[in-house]
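Novice: Structure below; questions to follow.
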Amino acid sequence: MPASRPSASRPRLLRPTPANLTRLAAALRRGEIVGVPSETVYGLAADALSADACARIFEAKGRPTTDPLIVHLAAARDIARVALVNDAALALASAFWPGPLTLVLPKRAEVPDIVTAGKPTVAVRVPAHPLFRRLIRASGRPLAAPSANPFGYVSPTTAAHVRDGLAGTSLRAVLDGGECSVGVESTIIDLTRPRSPRLLRPGGLAVEEIERVLGLPVARPRPARLAAHVAAPAPGMLARHYSPRTPLVLHPRLDAAALARLAPDEAALLLRRPAASHDGVTDPRLHALSADGDLREIARRLFSALRALDAAGWRRLHAELPAGAEGLAPAIRDRLTRAAARS
Ligand code: TXA
Ligand code: MG
């Protein structure tokens, strides 16, 4: 790794040159942790077959070891190295990998218990970001990687987010692969009972697309969980997760009347650009995630916007929730709902 400098506790951002990829692959083989780009969010990667290396992930993130990690592979054909496959998994892998889909399957004995939190299952995915796959190939190992944020904070969608969030940990380097193109984490499907697939986390791949390929309904978590939370933002029913430090209040809609009630030290995250005010002055408290409510654009910009608003010193944030069960709406609602949950 690069020689230590005065700012040694701050990870370095490395350009994706062949020399840097070789260097990072060697670091991974030595059991070090590395920040990696993916199409969803940045990951904090380590050799998935080394319990010691994976322990460094939990330590750097401050993550409880009861929360298992996703194992990333360079290609779908490598799945049998870590998991027991079934026909449903093969169908989804060939339809959606590389891409923002994670499958939970029975694990192979080679996968250390720390990766799966002692469970008999393992979560696997082939990421779409070509640099991530190149690094997996160069390291010759499957790579375990959670999102590269301190436990409980908003997930990172740029290399700078990773550097800023994990300064002072054992992380030395982040491979800079630009901004994440999807912006929310992968969709997680439990396929341990292939005839009864279950959604464990809505994410970057729409569930209806998965159902179309499986020809089966996917069981979803009860929406009551989300609804209860919007109605009563205080209870500790849902773990605080993806949370900015600034209090966040959710709204089904922020219309002109609601925006007129915004205090001078409050900001609002909107799904679409509001109609221009008659005097043409833009209100610095209003942040639109998209011009026209496009869900992919909203997902791509969501975490960056939450981080920027959190850093700006507002007393309170307000955000609008997208409606509907289609596309990325459930994933965006899920992340905003968790971000608003207070510990
Ligand atoms: O898009 C993503 O999935 C990103 C990128 C880096 O790949 N990764 C990610 O990892 O979001 P993480 O650790 O932040 O979230 C993984 C989720 C956790 O909530 C964990 O509980 C769940 O996956 N998980 C992992 N293994 C599991 C298993 N065997 N059974 C059930 N859930 C599992
Ligand atoms: Mg995470």
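Novice: For the stretch 23-103, what does the relative contact order come out to in percent, with C-alpha contacts under 8 Å and a separation of six or more? Each step should come with its number before you reach the end.
Specialist: On the way: 58 pairs, mean separation 16.0, N = 81.
In percent, rounded to a whole number, it is 20.
Novice: Give me the net charge of A263's neighbourhood, meaning all other residues with Cβ under 15 Å from the Cβ of A263; Lys, Arg count +1, Asp, Glu -1.
Specialist: Values: positive: R261, R285, R315, R316; negative: D265, E266, D283.
Value of the local net charge: +1.
Novice: Something else now. Among T116, T66, T158, which one shows the highest mean-square fluctuation when the chain is modelled as a Gaussian network with alpha-carbon springs under 10 Å?
Specialist: T66
Novice: Which translational diffusion coefficient, to the nearest whole µm²/s, is obtained for the stretch 71-166 from the Stokes-Einstein equation, given a Kirkwood hydrodynamic radius over C-alpha pairs, 25 °C and 0.890 mPa s?
Specialist: Details: Rh = 14.3 Å.
After rounding, the answer is 172 µm²/s.
Novice: Counting DSSP beta bridges with both partners in the chain, what percentage is antiparallel, nearest 5? Numbers along the way, then the final one.
Specialist: On the way: 17 of 40 bridges.
Beta bridges within the chain, antiparallel portion: roughly 45 percent.
Novice: Would you mind computing, in nm to one decimal, how far apart the modelled labels at D67 and D294 are, each placed 7 Å from Cα along Cα→Cβ?
Specialist: If labels sit at D67 and D294, their model points lie 3.2 nm apart.
Novice: Rounded, prolate or oblate for the chain? Axes are the square roots of the Cα gyration tensor eigenvalues, ordered a ≥ b ≥ c, and the cut-off for rounded is a/c under 1.5. Let's see the in-between values first.
Specialist: Numbers: a/c = 1.91, a/b = 1.32, b/c = 1.45.
Judged from the Cα gyration tensor, the chain comes out oblate (a/c at least 1.5, b/c at or above a/b).
Novice: So, R0 is 56 Å and r is the distance between the beta-carbons of A275 and R30; what FRET efficiency does that work out to, to 0.05? Walk me through the numbers on the way to the answer.
Specialist: Values: r = 56 Å, r/R0 = 1.01.
Calculated transfer efficiency: 0.50.
Novice: Figure the gain on full extension for A325 and R10 (residue separation times 0.36 nm, minus the Cα-Cα span) and round it to one decimal in nm. Can you show the working numbers first?
Specialist: On the way: separation 315, 0.36 × 315 = 113.40 nm, distance 4.09 nm.
Stretched fully, the A325-R10 segment lengthens by 109.3 nm.
Novice: Something else: In a shell of Cβ-Cβ distance under 12 Å around A80, excluding A80 itself, what net charge do Lys and Arg (+1) and Asp and Glu (-1) give?
Specialist: Numbers: positive: R77, R81, K107, R108; negative: D78, E110.
Once positives and negatives cancel, what remains is +2.
Novice: Length gain on complete extension for the stretch D283 to R108, per 0.36 nm per residue less the alpha carbon to alpha carbon distance? Provide the component values of the computation, followed by the final result.
Specialist: Details: separation 175, 0.36 × 175 = 63.00 nm, distance 5.51 nm.
Gain in length upon complete extension: 57.5 nm.
Novice: Of the candidates G204, G118, G324, which one comes out as most mobile in a Gaussian network treatment of the chain with C-alpha springs shorter than 10 Å?
Specialist: Sorting by GNM fluctuation, first place goes to G324.
Novice: How large is ³J(HN,Hα) for each residue in the stretch 154-171, as worked out from phi by the Karplus curve 6.51 cos²θ - 1.76 cosθ + 1.60 (θ = phi - 60°), to whole Hz, x for Gly and Pro?
Specialist: Karplus-based 3J(HN,Hα) across the stretch 154-171 equals 4, 5, x, 10, 9, 5, 5, 4, 5, 4, 5, x, 10, 4, x, 9, 7, 5 Hz.
Novice: Still on this structure, I have one more. Return the loop-located trypsin sites (Lys or Arg not before Pro) in the stretch 46-130 (DSSP other than H, G, I, E, B) with at most 16 other Cβ atoms within 10 Å of their own Cβ; answer none if there are none. Intermediate results must be reported in sequence, preceding the final value.
Specialist: On the way: sites: R56, K61, R77, R81, K107, R108, R125; in loops: R108.
Here the sparse-neighbourhood loop sites are R108.
Novice: For the pair A75 and T22, what calculated FRET efficiency results from E = 1/(1 + (r/R0)^6), where r is the Cβ-Cβ distance and R0 = 25 Å, to the nearest 0.05? Spell out each step's value before the answer.
Specialist: Details: r = 20 Å, r/R0 = 0.80.
Efficiency for this residue pair is about 0.80.
Novice: Could you work out which residue, out of L14, L24, L105, moves most in a Gaussian network model of the chain, that is, has the largest mean-square fluctuation with Cα springs under 10 Å?
Specialist: Of the options given, L14 has the highest mean-square fluctuation.
Every read-out reported here was derived from the displayed coordinates using simple, explicitly stated rules and does not represent laboratory data. Source: prediction; values computed, not measured. Neighbour counts run over all protein chains shown; Cβ positions are idealised from the backbone, glycine included.
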